[in-house]
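The values are calculated or read from the model by the stated rules, or taken from the named source; none is laboratory data. Since the model is a prediction, treat every value here as computed from it, not as a measurement. Glycine also receives a Cβ, built like all others from the backbone with ideal geometry; neighbour counts cover every protein chain displayed. SASA here: full protein model, heavy atoms, side chains in, ligands and nucleic acids out. Shrake-Rupley method; radii C 1.70, N 1.55, O 1.52, S 1.80 Å.
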Amino acid sequence: MHMADALISPAVGVGFWGLSLGGIAYSAKKLKENLDEKMVPLMGILGAFVFAAQMINFTIPATGSSGHIGGGMLLSILLGPYASFIVMASILTVQALFFADGGFLALGCNIWNLAFYTSFIAYPLIYKPIARKGKFSFLATIVSVVIALQLGAFSVVVQTYFSGISELPFKTFVMLMQPIHLGIGIIEGVITYAIIKYVATTKPEILESSVGNKQNKLNGVYTKKLVLVFFILTLITGGILSWFASNNPDGLEWSIEKIYGKSELPEKEHFLKNIFKGIQEKTSLFPDYTFKKSEKQETIPEEERYPNIDMGTSLSGIFGAFLVLLITFLTGYVIKTLKKKNL
Amino acid sequence: MKFDKEFFNLGYLDRLSYKNTFIHNIDARVKVIGAVFYIIAVVSFPKYAVLSLVPFFSFQIFFMILGEIPVDFVFKRVFVVSPFIFFIAIFNPFLDRNTAFYLLGIPISYGILSFLSILVKFVLTVSIIIILISTTSFAGLCYAIRYFKVPEIFVNQLLFMYRYIFVLTEEAMRMVRAKELRSFNNKGLELKFYVKLAGNLLIRSLNRAERIYYAMLSRGYNGNMPYIKKKKLNFSDFLFILIMLLTIYLFRFFEPVDRIGKLMIGVIR
């Protein structure tokens, strides 16, 4: 469920880059505060481990297709939230660069979707409270992985929707994504639990010596702080997203309804709507733009959202594109032959 | 087998990045800036733009020739990747059926245009990253992002992980091979075997991390990682980024395709 560059608008991409870089900076600061030198090689190796483990395929029960693990929750359980966020971010970076999974601009979105929810929501707020003192750790793993993936899948939908490039209606997309990721989440949860259980039963001393003491680093104060940070981040994200959506009326209405619709401050809602309306009127380039309707065209563009593409310009466009490609190929060929002569 | 192929590709990309060409010798920071502007320019095109994206392919062509990168390698990497994007884009032609224009009597809908636009943007953005990676060493890239004030812990993590990806994938490959030699007809792919494989790999990894830590300590590790020495940007770096940004700007805002096409049609008439 990696987001790709081609599906997002620059605004969404840059916005989530900011959020993810913020997350990295915050985690780096927290890690530095009481850095265990041992963590540096451990984080590196575990990142490489997840990479290697992702390359091994297995058959998904009942479907026959093959899949691989994500490994986010495994890292969180082994390393704690800050280190696992950094490791997951580094894995996603290498995936984006070397395997072209996602993309460079979408990397911010991907770090947010796949690393943030696991490390900072599902692990401290769901896994830790359920898996206290080693009890219920099976349940805790499954539930936390499922919730992290559901959040991630939902934010893929939100990012795609606000970018406005895909025509998929919001509801349909949600209905497509959430059930698929429910299945993936359950399988991932089972595997995560099974791997940790396997290591804990065959070589318990390894977990003790290398990662044992990191598990108990979180305490109550931390959780409260985190909820606050998350709350603020949600507000910022909501704000940024509705700002981006200002030239997309549907998205704007949707976001306002979603964020403020159920709130008990109707006058505030009205106020915000008016502000956004003002912004929208100012930012939309051609508020009263009407397209020239040529007689030859049988269908008239439905709304203002369609740019005017008529037959004449598109033909010259195709011609031009062909010429540009021809010119570049020729220049390239000349450079290549010149290079060969020099050698 | 899929595993060997992935592993081979990773190593191949790494080897490509150590060539010695004009493009390889450009400073990594400059190349990162260029790639970022390129991607933002491509992605910022309107959702129905297809033809005006075409000139952007010229960057790929020049970089591949000057950087001596095999074309088929880049193409294979681009087209193998990401069924996800295809899955999302394929809905557009069905959901948006208004006709945009007629091409030789065949109606072309806005949905088809936006579908093509997504695919073209995808190919452009993905291939530029593959080219960036295969012309820049990973250490150089890490130095570049360190220069742009990315936290040191994260950069160290990238360097460390990259180094051991090769070691651990090789280890995993040996394990997978050993398992495959002992199982027939694609058996042994079930979850319980996977868990044992991955669990074993995890044990080996944790052991290795401990050994590495002691090895680092015995070589005087005190929590700081050494970096590549700072280089100064030279004339060709400045020239490169200047030309690249200018061309991106021209391609983005001056619609060269349309202009050239109209010009040529005018000349012919």
May I ask you to compute the full-extension gain from B:Ala215 to B:Leu250, defined as 0.36 nm times their residue separation minus their alpha-carbon distance, rounded to one decimal in nm?
7.3 nm
Rounded to the nearest 0.05, what FRET efficiency do A:Leu125 and B:Ile268 give with R0 = 51 Å and r taken as the Cβ-Cβ distance? Could you check?
0.15
quick shape note, segment B:152-218: Cα extents on principal axes in Å, largest first -> 47, 22, 17
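Mind ordering A:117-130, B:167-180 by average Cβ neighbours within 10 Å, highest first?
Working: A:117-130: 21.9, B:167-180: 17.5.
Final packing ranking: A:117-130, B:167-180.
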For A:Leu35, the residues 5 or more places away or on another chain with a placed amide H closer than 5 Å to its own amide H are none
At a probe size of 1.4 Å, how large is the accessible area of A:Glu167, to the nearest 10 Å²?
30
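Classify segment B:1-54: rounded, prolate or oblate, from the alpha-carbon gyration tensor (a ≥ b ≥ c, eigenvalue square roots; a/c under 1.5 rounded; otherwise prolate if a/b is larger than b/c)? Before the final figure, lay out each step's value.
Values: a/c = 3.13, a/b = 1.43, b/c = 2.19.
Taking the square roots of the gyration eigenvalues as a ≥ b ≥ c, segment B:1-54 is oblate.
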Return the subset of A:Lys128/B:Lys192; A:Lys340/B:Lys76; A:Lys32/B:Lys31; A:Lys38/B:Lys149; B:Lys76/B:Lys121 for which the Cα-Cα distance in this structure is over 21 Å, preserving the input order.
A:Lys128/B:Lys192; A:Lys340/B:Lys76; A:Lys32/B:Lys31; A:Lys38/B:Lys149
For B:Val80 paired with B:Asn222, estimate the spin-label separation in nm (one decimal), with each label point 7 Å from Cα along the Cα-to-Cβ line.
4.5
Amide hydrogen neighbours beyond the local backbone of B:Ser109, cut-off 5 Å, H modeled:
B:Ala100
On average, how many beta carbons from a partner chain sit within 10 Å of the beta carbon of a residue in B:53-65?
4
List for segment A:159-208: residues with 40 Å² or greater reduction in accessible area, all protein chains versus chain alone, probe 1.4 Å?
A:Ile165, A:Glu167, A:Leu168, A:Ile195, A:Tyr198, A:Val199, A:Ile206
Rounded if a/c under 1.5, otherwise prolate or oblate - chain B, Cα gyration tensor axes:
oblate
7 Å from Cα along Cα→Cβ at both B:Phe87 and B:Phe148: what's the point-to-point distance in nm?
2.9
Any DSSP H helix in chain B with Cα axial reach of 15 Å or more and mean Kyte-Doolittle score of at least -0.5? Listed by number, the hits are B:28-43, B:110-135, B:152-181, B:191-218, B:235-253, B:256-268
HN-Hα J couplings of segment A:112-126 from phi, Karplus 6.51/-1.76/1.60, θ = phi - 60°, integer Hz, Gly and Pro as x?
4, 5, 9, 9, 4, 4, 5, 6, 10, 10, 5, 5, x, 8, 10
Round to the nearest 10 and report in Å² the accessible area of B:Leu250, as given by a 1.4 Å probe over the protein chains' heavy atoms.
80
Loop-located trypsin sites (Lys or Arg not before Pro) in segment A:118-170, at most 11 other Cβ atoms within 10 Å (DSSP)
A:Lys135
Using a 1.4 Å probe and ignoring any ligands, DNA or RNA, find the accessible area of B:Ser127 and quote it in Å² to the nearest 10.
10
In the structure shown, of B:Lys19/B:Lys232; A:Lys339/B:Lys19; A:Lys171/B:Lys47, the pairs separated by more than 18 angstrom at the C-alpha atoms are B:Lys19/B:Lys232; A:Lys171/B:Lys47
